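Notes for the one structure printed next.
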Amino acid sequence: MKYFDYLLNSTLFITAVVFMLWIEITHTRSAVLDIPFLWLLIAMVNFVRLRNPGLAVKGLRTSCIGANLIGLISEAARARLWGWMPYTVIATAAIFGEVIFSIVRRNDSNSGARV
């Protein structure tokens, strides 16, 4: 499951970078960088969570859950206002998967606080 978590997070990161580049290259009307920047921040926080399993960083799991829920709620609101786009569906699915993986604890052999 760890590899699927990395896959979802990498998908979110790549979607954010590609969408940012697409906005900057095409200068599409009414396209702003706030949502892909949020995706990028969510992906980076989740990468930190993946690199520090267990209780290595105090409050990291809670921060990841909060960031993922904020992203999921903003995507739901954005889809309600402007409809679903293909890149939005990809990012929303990845964020939803990250919400699940952030809530469920992993039982890795190296999980736990480092001494």
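Just so you know, all these numbers are worked out from the coordinates, no wet-lab data involved. Keep in mind that what you see is a predicted model, and the values were worked out from it rather than measured. Neighbour counts run over all protein chains shown; Cβ positions are idealised from the backbone, glycine included.
Counting every pair of alpha carbons in the range 1-80, the share spaced more than 21 Å apart comes to 34 percent. Computed from Cα positions, the angle between helix 60-82 and the longest principal axis of the chain comes to roughly 20 degrees.
Length available on full extension from residue 47 to residue 10: 0.36 nm per residue minus the Cα-Cα distance, which gives 12.4 nm.
Going by how many other Cβ atoms sit within 10 Å of their own, how do 5, 34 line up, fewest first?
Ordered from fewest to most neighbouring Cβ atoms within 10 Å, 5, 34 come out as 34, 5.
Pulled fully out, how much extra length does the chain show between residue 30 and residue 80, if you take 0.36 nm times their separation in residues and subtract their Cα-Cα distance? Before the final figure, lay out each step's value.
On the way: separation 50, 0.36 × 50 = 18.00 nm, distance 1.67 nm.
Difference between extended and current length: 16.3 nm.
Remark: the residue 73-residue 20 segment gains 17.0 nm on full extension, using 0.36 nm per residue and subtracting the alpha carbon distance.
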